[in-house]
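Asks: Okay, handing you the structure first.
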Amino acid sequence: MKKYLVVILGAFAVGFLLSQFMINQYDKKEKLLTIFNRGEKVYLIQQGVYSNEENILKNTMDFDYYITSIENNLYYVFIGVTKDLENVNKLQGYFEEMGYVTYSKEVFINNKTFIEILNQYDQLLKTTTDKAIIKAICNQTLSKYEELIVNANQD
């Protein structure tokens with residue numbers, strides 16, 4: 001009986017020490033990203049899907065700036081980004097006037113710097129109808145998206 005008591009007390013001691021070790025590991029972490037933190041919803045305005053780069057060049061001559069994403073050997077071309085659904089409709093109308101059919105794609109972004117910048121551009125986009133300003137906003141938001149999201153994920 002005395003043997004079992006020593007074994008049971010030893011098991012409790014080891015369990016206690018291991019649990020303290022695990023708890024201390026989490027206390028030392030400054031930032032823990034949960035698996036449920038999907039980030040903020042952002043809408044990418046997609047211009048088209050192409051099978052090669054030559055087709056992209058032919059079909060994007062009207063755009064000063066665009067981003068491509070390669071998935072399953074297909075090139076997806078994005079020509080705008082916004083957080084606001086109202087701005088999605090505004091951008092799609094702007095591109096439709098240029099003769100392009102566009103689609104919106106939802107993505108989730110965790111980069112706070114990019115989200116802050118996008119919020120500022122979204123406010124500007126809401127208040128303007130000037131096509132030159134809309135074009136400039138699209139170019140700037142795509143540039144920031146590429147800098148802060150695309151290039152950051154490649155590192």
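Asks: With the requirement that a residue be at pLDDT below 95 and not hydrophobic (A, V, I, L, M, F, W, C), what does segment 36-46 give you?
Replies: Correct list: Asn37, Arg38, Gly39, Glu40, Lys41.
Asks: Additional query: Right, Phe63: modelled with pLDDT of 95 or more and either in a helix (DSSP H, G or I) or under 29 Å from Ile134 (Cβ atoms) (or both) or not? Quick ask: steps written out before the conclusion?
Replies: Numbers: modelled with pLDDT of 95 or more: no; either in a helix (DSSP H, G or I) or under 29 Å from Ile134 (Cβ atoms) (or both): yes.
Criteria not met by Phe63.
Asks: Here are the criteria: (1) within 21 Å of Lys126 (Cα to Cα); (2) surrounded by fewer than 18 Cβ atoms within 10 Å (Cβ to Cβ); (3) more than 14 Å from the chain's Cα centre (by Cα). Tell me which single one Glu71 does not satisfy.
Replies: Of everything listed in (1) within 21 Å of Lys126 (Cα to Cα); (2) surrounded by fewer than 18 Cβ atoms within 10 Å (Cβ to Cβ); (3) more than 14 Å from the chain's Cα centre (by Cα), Glu71 misses just condition (1).
The values are calculated or read from the model by the stated rules, or taken from the named source; none is laboratory data. Computed from a prediction, not measured in an experiment: that's the story for all the values here. Note: ideal-geometry Cβ built from the backbone for every residue, glycine included; neighbour counts use all protein chains shown.
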